[in-house]
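Any read-out appearing in this document is the output of simple, stated calculations on the displayed coordinates, not a laboratory observation. This is a predicted model, so every value here is computed, not measured. When we count neighbours, we look across all protein chains shown, and the Cβ atoms used for this are built from the backbone with ideal geometry, even at glycine.
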Amino acid sequence: TAIRLTGELANYQGVWVFIEQREGVVAPVSLELLGAGHQLAKKLDVELCGVLLGDRVSDSVNMLYEYGADKVYLVDHPVLHFYRTETYMKVFVELVKRYAPEIILMGATTTGRDLAGAVATDLATGLTADCTGLDIDGKQRIMLATRPAFGGNIMATILCKNHRPQMATVRPKVMKMMTPNPGRQGVLVTPEVTLQEDNLLTQVLEIVKEHGEQVNLQEAAIIVAGGRGLGDRAGFQKLCFGLAEAVGGQVGGSRAAVEAGWIEQKYQVGQTGVTVAPKIYFALGISGAIQHLVGIRGSDIIIAVNSDPDAPIFKECTYGVVGDIFTIVPKLIEQLKEKGGIRCA
Amino acid sequence: MHMIVCVKQVPDTTEVRIDPVTNTLDRSSAPAIINPYDSHAVEEAVRIKEMHGGKVTVISMGPPNAIEVIKRCIALGADEGYLLSDRAFAGSDTLATSYILSQGIATISRREPVDLILCGKQAIDGDTAQVGPGIARRLGIPQLTYVNHVAGIDPARKEIKVHRKLDDAYEVVVAKLPCLLTVEKEINELSYSSLPNMLRAVRFEPKILTVADLQADLSMMGLKGSPTSVSKIFAPPQRSGGEICSVEQLVEKLLELHSNEKC
Ligand SMILES: Cc1cc2nc3c(=O)[nH]c(=O)nc-3n(C[C@H](O)[C@H](O)[C@H](O)COP(=O)(O)OP(=O)(O)OC[C@H]3O[C@@H](n4cnc5c(N)ncnc54)[C@H](O)[C@@H]3O)c2cc1C
Ligand SMILES: Cc1cc2nc3c(=O)[nH]c(=O)nc-3n(C[C@H](O)[C@H](O)[C@H](O)COP(=O)(O)OP(=O)(O)OC[C@H]3O[C@@H](n4cnc5c(N)ncnc54)[C@H](O)[C@@H]3O)c2cc1C
């Protein structure tokens, strides 16, 4: 465990996780952060708290205990129905000032990044963005927050030595959720805050779900992604969709495939697309540019098919097949079908 | 409508190399470019100007050679440009950067009040997406991040309506002006620079603002004003390299995984 600090910084204690929810549904990243936060809290010998803001969201509180929270701060108010920076920030900052945590974690989602940037500025403290690793330096009682920068070309470990709380946003799908412990109990705190709809400067009119089929690459167990090597739209259709169909996977693409118009942008994997963490990731005709690799490093198994034995993807993959996709992939599909396949239920 | 667009000069991260011996970034290997998201912010401001009239001012904080990105914005149709440049700014993290930029914006808006501030969604080098929210907080105005469509501006009511991109949906929001937007690339397609704008860009000289011009607090900028510090930089861990196999072997492995993992 870590040393205790003295002086002003010692007034800050505990690890907080912002529990992101929309329409009452808790974002998976928040549960992952409870897992990560639990590790930090153990090393610091402090409690792990979830901070849940919203409108009629108290049903989720028990789940947060089950995923590791010792305490939940709940602010339930109609004005908090939609996420808005101005209201969420006001409440969050007020809670921080009242209860003084030493660490705050939020998901590096659009909402988490929006809120974290505003809160950190208001509190005039340090915020490390988009982390992929968190640890504690016990001798100094400081959080070590590691993140990729420069388009994934480097990793940097960032500290916030003299300010509290120490804040970080963390990428979805890199931290592990704990196995829920059914019936685990915690302490509920429901602080009073004053909130009024009048005088607010922003108003959410509606949330429009993107039409078309739901893509949820982030949650997919198997992803078959195609790149420029597939040659044209027909090749992409036949091989990428073909293999995806055979293994019950979701289709994704490199930016080159997206730019060629073979697949929509929302299917793009990588730095400017989605970060994925499937059990199996197939990379067909993808060279393995750093901007692509940073999006797939959370995969359990990466399988690459590429005709160039020196393609960087082979350094990163678990299994590689060197050769022409147009002969290899049809063979793969056929043999999998013959042997009963790996299709998930 | 007076709009200020914040633009950052960045190294082209596709060209960045890391020195394998010293583990430091070799910036000289990469050409300096305008942050790609920021050119879309400039484009959007110019389009708004074409519809509602007004003026587009760009500001950048950076070394003297960041003049180049300001010139690039003039070619894209911006009217005015300021470079915030001072040794005291060096080493600023996002908290300090947003302080310096907000002081710059406040300085400019004392002469010409600002209605709308635009930033990119994030810079491709630091990649934090924190500077936009930081500026909005310091100026005490609403922030609308990840905007992929401006649905309308009502100058009389001083309101803007935008679409904000969420993970699997978009949100329609109305905010009071002045406010700050951070924009996605999908917000627009860049237009070609017109010849007159290109000529103007060649001759254009931005105004340079230093610490003295900003009436800024030295303790809030540079390393001193930055709560975060980089303690270690290293190359991303590489996997040791995959096992090369035949299709038949791959099928075996997949079937084995399937039976073990029940996937
Ligand atoms: C700021 C920035 C952000 C970016 N973000 C992303 C991102 O989010 N996602 C992303 O993917 N990229 C991103 N990129 C682009 C990235 O740098 C690469 O350009 C891109 O990933 C290349 O896609 P690719 O691998 O499909 O194409 P290529 O690099 O052209 O690779 C094609 C591969 O196919 C192989 N091939 C060709 N024919 C065959 C065949 N018949 N059989 C087998 N193999 C074959 C080739 O050997 C080659 O390795 C970004 C770039 C920048 C600058
Ligand atoms: C390896 C590394 C990691 C870092 N990690 C962190 C970190 O986790 N937390 C932290 O606080 N700082 C961090 N920094 C420092 C940070 O990169 C700088 O403060 C940087 O100047 C601003 O952040 P950004 O590039 O991420 O910009 P972003 O916040 O991503 O930029 C968003 C938008 O703000 C505007 N903008 C940003 N900078 C400027 C500028 N100089 N001039 C005009 N407009 C601008 C642009 O419109 C831009 O599109 C890190 C630096 C390095 C080298």
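What the table shows:
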{"item": "Largest-first ellipsoid semi-axes for the protein assembly as shown, taking √(5λ) over the Cα gyration tensor eigenvalues, angstrom", "result": "38, 32, 24"}
{"item": "Fewest-first ranking of B:SER98, A:SER299, using other Cβ atoms within 10 Å as the exposure measure", "result": "A:SER299, B:SER98"}
{"item": "Residue-averaged 222 nm ellipticity for chain A, from DSSP H runs of 4+ at -39500 (n - 2.57), nearest 500", "result": "-7000 deg cm²/dmol"}
{"item": "The range A:176-255 - Rg (one decimal) and Dmax (whole number), Cα, Å", "result": "22.5, 60"}
{"item": "Cross-link table A:LYS173/A:LYS209; A:LYS71/B:LYS121; A:LYS176/B:LYS165, entries beyond 32 Å C-alpha to C-alpha", "result": "A:LYS71/B:LYS121"}
{"item": "Helix-only [θ]222 nm of chain B, DSSP H runs n ≥ 4, -39500 (n - 2.57) each, per residue, nearest 500", "result": "-9500 deg cm²/dmol"}
{"item": "Globularity index of chain B, i.e. its alpha-carbon radius of gyration over 2.2 N^0.38 Å", "result": "1.20"}
{"item": "Taking B:LYS121, B:LYS232, A:LYS331 and counting other C-beta atoms within 10 Å, the order from fewest to most", "result": "B:LYS232, A:LYS331, B:LYS121"}
{"item": "Exposure proxy order (Cβ contacts within 10 Å, fewest to most) of B:SER193, B:SER246, A:SER30, B:SER39", "result": "B:SER246, B:SER193, B:SER39, A:SER30"}
{"item": "Lys, Arg +1 and Asp, Glu -1 on Cβ, resulting dipole of the range B:147-223 about Cα centre, debye, nearest 20", "result": "340"}
{"item": "Of every Cα-Cα pair in the range B:78-119, the percent that sits beyond 13 Å", "result": "62"}
{"item": "Reduced Cα scattering model of chain A, Debye log10 I(q)/I(0), q = 0.09, 0.11, 0.12, 0.14 Å⁻¹", "result": "-0.57, -0.80, -0.91, -1.11"}
{"item": "Within a Gaussian network of chain A (alpha carbon springs, distance under 10 Å), most fluctuating of A:GLN271, A:GLN21, A:GLN196", "result": "A:GLN196"}
{"item": "Cut-off 11 Å between beta-carbons: net charge of the residues surrounding B:MET198, Lys and Arg +1, Asp and Glu -1", "result": "+4"}
{"item": "Tail weight of P(r) past 22 Å, computed on alpha-carbon pairs of the range A:230-326, percent", "result": "18"}
{"item": "Principal axis dimensions, the range A:119-236 - Cα atoms, whole angstrom, descending", "result": "58, 46, 39"}
{"item": "Point-to-point label distance, A:LYS161-B:SER193, nm (Cα→Cβ direction, 7 Å offset)", "result": "4.3"}
{"item": "Bridge type composition, the protein assembly as shown - antiparallel percent by DSSP, nearest 5", "result": "40"}
{"item": "Percentage relative contact order, chain A, counting C-alpha pairs under 8 Å, at least six apart", "result": "14"}
{"item": "Highest-MSF residue in chain A out of A:LEU40, A:LEU205, A:LEU159 [GNM, Cα springs under 10 Å]", "result": "A:LEU205"}
{"item": "Calculated FRET value between A:GLU94 and B:SER29, using beta carbons and R₀ = 45 Å, to 0.05", "result": "0.45"}
{"item": "Computed over chain B: relative contact order in percent, which uses C-alpha pairs under 8 Å that are six or more apart", "result": "24"}
{"item": "Value of relative contact order over the range B:31-100, rounded to a whole percent, pairs C-alpha under 8 Å and six or more apart", "result": "31"}
{"item": "Gaussian network model of chain A, springs between alpha carbon atoms under 10 Å - residue of A:ASP130, A:ASP70, A:ASP310 with greatest fluctuation", "result": "A:ASP310"}
{"item": "Local net charge near A:THR157, Cβ-Cβ under 11 Å (Lys/Arg +1, Asp/Glu -1)", "result": "0"}
{"item": "Charge context of B:ALA45, other residues only, Cβ under 11 angstrom, K/R +1, D/E -1", "result": "-3"}
{"item": "Estimated FRET transfer efficiency when R0 is 35 angstrom, pair A:GLN237-B:ARG47 (beta carbons, to 0.05)", "result": "0.45"}
{"item": "Share antiparallel - DSSP beta bridges, the range B:2-230, percent rounded to 5", "result": "45"}
